[in-house]
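First comes the structure, then the notes that go with it.
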Amino acid sequence: MKAVSISEYARRRKVSRAAVRKALATGRIPRRSDGLVDPKAANRAWTKNTRPSGIVKGADAAAAASFLRARARSMLAEAGLK
């Protein structure tokens, strides 16, 4: 898959550029050495490393995991990455 800019990746994920920059800065998603983002690798990392706001621990952890898997499948299908 072709690498994209931070702005393009944010548009595809339907999040702000600031959210992508924060994820990059905190190491939740990888950036290539040329500064671009590999959407496939970043999507996997985002799903693995990002918790939906408001969901913390315990019983909600299973709900969060289920939510993240469903969201990832939806986003991958929408982006045509499957």
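Sorted by packing (mean other beta-carbon atoms within 10 Å per residue), highest first, where do 24-35, 8-19 land? Numbers along the way, then the final one.
Values: 24-35: 12.7, 8-19: 15.2.
The densest-packed peptide leads the list: 8-19, 24-35.
So what is the relative contact order of the chain, in percent, for Cα pairs below 8 Å that sit 6 or more residues apart?
26
Test of understanding: what is the full-extension gain from A79 to R32, defined as 0.36 nm times their sequence separation minus their Cα-Cα distance?
Taking A79 through R32 to full extension adds about 14.9 nm, to one decimal.
May I ask for the Kirkwood hydrodynamic radius of the chain, worked out over all distinct Cα pairs and given in angstroms to one decimal?
13.2
When you have a sec, figure out the Kirkwood radius of region 1-40 from all distinct Cα pair distances and drop it here in Å to one decimal?
9.9
For the chain, what does the helix formula give at 222 nm: sum of -39500 (n - 2.57) over DSSP H segments with n ≥ 4, over the residue count, nearest 500 deg cm²/dmol? Let's see the in-between values first.
Working: 4 runs with 49 residues, N = 82.
Estimated from H runs of four or more residues: -18500 deg cm²/dmol.
Coordinate-derived values only; no laboratory data. Remember, predicted model here, so these are calculated numbers, not experimental data. Quick reminder, even Gly has a Cβ in these numbers, built from the backbone with ideal geometry, and neighbours come from all protein chains shown.
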